[in-house]
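The values are calculated or read from the model by the stated rules, or taken from the named source; none is laboratory data. Bear in mind that the values here come from a model prediction, so they are computed numbers and not experimental data. As a convention, Cβ positions derive from the backbone with ideal geometry for all residues, glycine included, and neighbour counts pool all protein chains shown.
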Amino acid sequence: MTPTYVYGLVAADTVVPEGLSGLGPSERVSTVTHGQVAAIVSDVPIDRPLGTRDDLIAHETVVDAVARSAAVLPMRFPAVVEDHGIVEELLAPNHDHFLQVLTALEGRVQFTLKGRYEQDTVLRELLRDNTEIRELRDQVGELPEDASYYDRVRLGELIVAELERRRDDEAAGILDRLEPTVVDLAARHPATPEDVINVAFLVERAHQQRFEDSVEDLGRDLDGRVRFRLLGPLAPYDFVPEA
């Protein structure tokens, strides 16, 4: 029995792009087919366990490369199956479910948009618009650090609360502008108050340019306030249904 790494699932007639490097010593990426579904596979490292950041990047590189031209159902990292089990345990018993999901994802890719406030700009806005924050900031600045501890804590709380309120309003406006160009979206909770948006979008490949143009328009309109980062096209990691 030979352990085999599985990157994702595709339709049986999918052509894997040339030049992909697998995780194993051969670096060869190929497919194992059963019916109308195929698994994207390679050998695995024989001298070490899987699980490093480089392994994850290699996994995503293969899956995303396939996703640029074909529907792909990514496997959870890391996915290792004995070679005989790819058909017997993975593809055969789940064939119809995998085919249904791949059909639903056909012609669609994921983009992930992240947006973060330009901190200096937004803090200036807070001081300009919020009298309580501005007066407390001035008061804190006139006192020794040890004497103003609780005021500093209060100031930090006020700033965070106002940032979160503005962030929620700003994120809602961003989503309103982008939703007409996408099929679905999956929002992640911002990690910090300065993080305005972190959302995965499922986009029709035929409408990809329209979506990217809308993001460009947002970037221009919010230039100097919000710094955007658009990732994609990617495999639809956030839109894989639960088995």
Residue in the range 201-221 that is surrounded by 12 or more Cβ atoms within 10 Å (Cβ to Cβ) and at pLDDT below 90 present = no
For helices (runs of 4 or more DSSP H) lying entirely in the range 112-188, having 1 or more residues that are under 30 Å from Ala235 (Cα atoms) and touching a Ser or Thr at 6+ places or on another chain (Cβ under 8 Å) picks out 149-178
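Test Leu234 against the criterion of being surrounded by fewer than 18 Cβ atoms within 10 Å (Cβ to Cβ), among the aliphatic types (A, V, I, L, M) and touching a residue at least 12 places away in the same chain (Cβ under 8 Å), and give yes or no. Let's see the steps before the verdict.
On the way: surrounded by fewer than 18 Cβ atoms within 10 Å (Cβ to Cβ): no; among the aliphatic types (A, V, I, L, M): yes; touching a residue at least 12 places away in the same chain (Cβ under 8 Å): yes.
Judged against the criteria, Leu234 is not a match.
Is it true that Ser26 is outside the structural domain of Ser214 (by TED's automatic domain parsing), within 26 Å of the chain's Cα centre (by Cα) and touching a residue at least 12 places away in the same chain (Cβ under 8 Å)? Steps first, please.
On the way: outside the structural domain of Ser214 (by TED's automatic domain parsing): yes; within 26 Å of the chain's Cα centre (by Cα): no; touching a residue at least 12 places away in the same chain (Cβ under 8 Å): yes.
It is false that Ser26 is outside the structural domain of Ser214 (by TED's automatic domain parsing), within 26 Å of the chain's Cα centre (by Cα) and touching a residue at least 12 places away in the same chain (Cβ under 8 Å).
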State whether one or more residues within the range 15-22 are among the small types (Gly, Ala, Ser), in a strand (DSSP E or B) and in the same structural domain as Phe98 (by TED's automatic domain parsing).
-> no
Out of the residues in the range 65-90 that are without any contact (Cβ under 8 Å) to a residue 60 or more places away in the chain and not acidic (Asp, Glu), which is surrounded by the fewest Cβ atoms within 10 Å (Cβ to Cβ)?
-> Arg76
Here are some residues: Ile40, Ile57. Which one is closer than 26 Å to Arg205 by Cα, of a type in the set (Val, Ile, Thr) and modelled with pLDDT of 95 or more?
-> Ile40
